[in-house]
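First the structure, in the form of structure tokens, and then the observations on it.
The values are calculated or read from the model by the stated rules, or taken from the named source; none is laboratory data. Bear in mind that the values here come from a model prediction, so they are computed numbers and not experimental data. Quick reminder, even Gly has a Cβ in these numbers, built from the backbone with ideal geometry, and neighbours come from all protein chains shown. Ligands, DNA and RNA are excluded from the accessible area calculation, which covers all protein heavy atoms including side chains. Shrake-Rupley method; radii C 1.70, N 1.55, O 1.52, S 1.80 Å.
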Amino acid sequence: MKYRTLSNCHGRNCPIAIQIYLRWFTFVASIVVLYLATGCDRTDELARPTTANGADGASQQRLVGATISPQATIDECIRSYQRLTSYEDHAYARLSYKLDGQPNMDQAPLSIAWNDHGQLGLHVYSVEAGPAPSDGQRWRLKLSDGALEAQVLSREVPSAVSFEWLLSDPIVADRLAAGLAGFPPQLYLLLGPQPLRGLVNESATLSFESPQQIDQRVCHVIAIVHGPLRYRLWIDQAEMLLRRIQIPSENLAPQIRADPRVTELRLTIEIDDIRTNQRVDWERFAVAAQADDVLVTHFVPAPPVVDTTNIGERIPAFTLASPTGNTVYDSTAAKQRKATVLVWLADHPACRVAAEQLTQTASQLVDAGLPQDAIEFISVWAEPQPPPDSNFDSLAKDWNLPGQLAIDRDALGRDLFAVQEAPTLIVLDQSNRLQLRETRANPVLDQVLPTLLGRLVDGADLASEALDRNATMMHRYQAELAMASAVDGPVSPRPESYAPLYFAVTEAARHSHASAVVAAAADLRGASVPYRRRCAREL
């Protein structure tokens, strides 16, 4: 009997033995294909750390038995943080560089403590946060610099910390990202809904670099490239936790990078002494309030500081002389002027800008039809010598100074007007009363000053308006600070009334009434504020 070849054998026409062989071959082939498709694709498999003795006899960790991808390594790092029940570190941002060839180093705190019971500790730049020493149910946050350092944020400890809870105060969100290295990456990994999404996304190119050791712990080193920017992550191979991030120097301020004396810039986040799933040392993060601190539910920004020195006061008579000694200004001279604009200048770029702004202001007033003798401009040079590249004869032209040039040889600015720095702008009315004061540079000076001077010529009392406006701002600030008082703080006295900057009306409920409309509101402490008015048809 003659058998057919395998290539000519089809289904039921084949002998039974050959059909069995074909089925067995198909099964084995499918197993091989499945193995090749799954078992050999190990790009997402985690590396297995093992311990071995090195050449010096010391125990060392190394990777064996697996090839992994950078993305899989980062994904496992994220999962490692999500599995934690507690976390604590001693982290900091470190900027190393050479200044005139000499090595230097600046550091800023970036430490985090956290657990899954709603507790959180922060030592991040100027932010200090943690449990209240006397009450484990309260969480406090304090800013160590700026106008808000007398306020302490006080909240009830939540059941679980979230990004929304932590960053609900915009000032806290701003301060946590205000340092050289930006927002702490540990917080992203512990709390973020999409950790490291801003760094590792579709536009990034990931690659491994040679493994390195940090504190005798072998780490994956992953380069993340965004166009010209290159970040580096050091991920502990054993615990899959982040140990270091190198941030490109291009993220630093242009002034630092442009300084020719500064070389070899290197900015990193160093995450040391990581302790996980253990008891957290909360005493290290406890925030104690001082006797004069104000405990608040949210930070209340203080109003801008307004220099009201001598505002509204009548200045004694005075004269100013030119560089040659001739009198160029006499406050008692009988002229038709309605106002005098004096600006104290020194050899500084900000003063040069201020002088140009005042020259533009003078030309705008003339274009607006104001008589030239209605407002007098005087440029007062506050230094004994002109700039190195100029002289007093050419200074007015070189700097395009407004009005006439005077020299403050008798320190009238210091004694009469309390001028402490340049540029300082002083505006006097025709009665020699100080109506307006502006210290330091103002980028919109030439936009607002013409209107103010026009109103002053028309008889407006700018000084009284400025004092009233400043008093109203402080009154409003004290009221808002009192309303923001935390429940564990002393109750501050509240002003009977104040004018808010803005308010919002939120509908709580709606009911039908036959004859009257009744509305009820509640303040921050929950006290009802009833209000009754006539119905719409009776108005």
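Which far-off residues, 5 or more places away or on another chain, put their amide H under 5 Å from the one on Val152, with H placed in the peptide plane?
Long-range HN contacts for Val152: Val294, Leu295, Val296.
For the range 234-245, in order, what is each residue's ³J(HN,Hα) by Karplus, 6.51 cos²θ - 1.76 cosθ + 1.60 with θ = phi - 60°, in whole Hz (x at glycine and Pro)?
Listing the rounded values in order: 10, 10, 4, 5, 7, 9, 6, 10, 6, 10, 7, 10 Hz.
Using amide H atoms built 1.01 Å from N in the peptide plane, name the residues 5+ places from Gly118, or on other chains, whose amide H lies under 5 Å from its own.
Here the answer is Val161, since their amide H atoms fall under 5 Å of that of Gly118.
Near the amide H of Thr308, under 5 Å away, which other amide H atoms are found, from residues 5 or more places off or on another chain, if H is placed in the peptide plane?
The answer is none.
Under 15 Å Cα-Cα from Lys98, which aspartates and glutamates qualify once same-chain neighbours fewer than 8 residues away are excluded?
Asp106, Asp259, Glu264
So what are the ³J(HN,Hα) numbers for the range 393-407, from phi and the Karplus equation (6.51, -1.76, 1.60; θ = phi - 60°), rounded to whole Hz, Gly and Pro as x?
5, 9, 4, 4, 6, 4, 9, 6, 6, x, x, 8, 9, 10, 10
What percentage of the solvent-accessible surface of the range 353-459, computed with a 1.4 Å probe over protein heavy atoms, is contributed by carbon and sulfur atoms? Walk me through the intermediate numbers first.
Working: 2490 of 5340 Å².
Taking all protein chains in place, the range 353-459 shows 47 percent carbon and sulfur surface.
Quick one: grab the alpha carbon gyration tensor of the range 209-315, order the square roots of its eigenvalues as a ≥ b ≥ c, and give me rounded if a/c is under 1.5, else prolate or oblate depending on whether a/b is larger than b/c. Don't skip to the answer; put the middle values down first.
Details: a/c = 3.67, a/b = 1.53, b/c = 2.39.
In terms of gyration-tensor shape, oblate.
Determine the shape class of the range 62-159: with a ≥ b ≥ c the square roots of the Cα gyration tensor eigenvalues, call it rounded for a/c under 1.5, and otherwise prolate if a/b is greater than b/c, oblate otherwise.
Details: a/c = 3.45, a/b = 1.19, b/c = 2.91.
Oblate, since a/c reaches 1.5 and b/c is not below a/b.
To make sure I understand the rule: partners must be aspartates and glutamates, Cα under 15 Å from the Cα of Lys338, and not fewer than 8 residues away in the same chain. Which ones qualify?
Candidates past the 8-residue exclusion: Asp330, Asp373, Glu376, Asp429, Asp458, Asp461.
At a probe size of 1.4 Å, how large is the accessible area of Thr276, to the nearest 10 Å²?
About 30 Å², ignoring ligands and nucleic acids.
Do any trypsin sites (Lys or Arg not before Pro) in the range 272-305 lie in a DSSP loop with no more than 13 other beta carbon atoms within 10 Å, and if so, which? Could the numbers behind the result be given before it?
Numbers: sites: Arg275, Arg279, Arg284; in loops: Arg279.
Those that pass, being in a loop and sparsely packed, are Arg279.
What net charge do the residues around Ser159 carry, taking every other residue with its C-beta under 15 Å from that of Ser159, with Lys and Arg at +1 and Asp and Glu at -1?
Numbers: positive: Arg138, Arg155; negative: Asp116, Glu156, Glu164.
Summing Lys/Arg as +1 and Asp/Glu as -1 gives -1.
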